[in-house]
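Inspection log for the structure reproduced underneath, given as structure tokens.
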Amino acid sequence: MLLLDYLNIELVKRERLVYENNSFVLLVPFWAAWPFETIIIPKRSIQDITQFTEGEIEQFADILKVITVKYDNIFNISFPYSAGIHQAPTDGGEHKEWQLHMHFYPPLLRSASIKKFMVGYEMFANPQRDITPEKIAEILINVPNEHYNLG
């Protein structure tokens, strides 16, 4: 499976790995075009969330909390993002070739007031990024996992 092969490379290199627990890895993919874009990938072959074990449900909740708290702590605000879970098709087939994963696409760039949205040439040609995935991973690694007071 391509995504698991990619994950194994990231686990060896550890250049863009932000957080991992027993079941999942949070990393900045090498193809990231959005500032602070991340992906969560299970460490084993899983096609959809109904295949999670009880332990994986807890581990998934853990990694979701880690990334959302890290996002909030980057600029000390409630950090907006779009997220989506990619699961196997629901056409009744097994789809063993599929690997569940989840993307996060936040629009904030260098501060709470600087946003980035894909427009024009970026949408139809080549996204421009002014920060590397490795630098984003370094920033996210160093952001606390504990919530600050939003109030």
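The values are calculated or read from the model by the stated rules, or taken from the named source; none is laboratory data. Quick caveat, the model's predicted, so the values are computed rather than measured. Every residue, glycine as well, gets a Cβ built from its backbone with ideal geometry; the counts of neighbours run over all protein chains shown. Protein only, heavy atoms only, side chains kept; ligands, DNA and RNA dropped before computing areas. Shrake-Rupley method; radii C 1.70, N 1.55, O 1.52, S 1.80 Å.
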Item to check | In the chain, lysine pairs closer than 23 Å at Cα, eight or more apart or cross-chain | outcome: 13
Checklist entry - Which value, in Å² and to the nearest 10, is the accessible area of LYS43 when all protein chains are kept and the probe is 1.4 Å? => result 80 Å²
Checklist outcome for this item: Helix-only [θ] at 222 nm, the chain, -39500 (n - 2.57) per DSSP H run of 4+, per residue, nearest 500, equals -9500 deg cm²/dmol
Checklist entry - Tally Lys/Arg at +1 and Asp/Glu at -1 over every other residue whose Cβ is under 10 Å from the Cβ of MET1; what's the total? => result -1
Item to check | Label of the coordinate-derived value, Rg and Dmax of the Cα atoms in Å, listed as (i) 16.0, 51; (ii) 17.7, 55; (iii) 15.9, 47 | outcome: (iii)
Item to check | Distance in nm between pseudo-label sites at TRP31 and ARG110 (7 Å out along the Cβ direction from Cα) | outcome: 2.8 nm
Checklist entry - Mean separation of Cα pairs under 8 Å and 6+ residues apart, divided by the residue count of the chain: what relative contact order is that in percent? => result 31 percent
Checklist entry - So, by mean Cβ neighbours within 10 angstrom, what's the order for 86-95, 99-108, 60-69, 3-12 with the highest one leading? => result 99-108, 60-69, 3-12, 86-95
Next on the checklist: Could you tell me how far the Cα centroid of segment 72-122 sits from the Cα centroid of segment 6-37, in Å?
Outcome noted: 14 Å
Checklist entry - What is the list of residues in segment 46-67 whose amide nitrogen lies under 18 Å from a point 7 angstrom out from the Cα of ASN145, following Cα to Cβ? => result 55-67
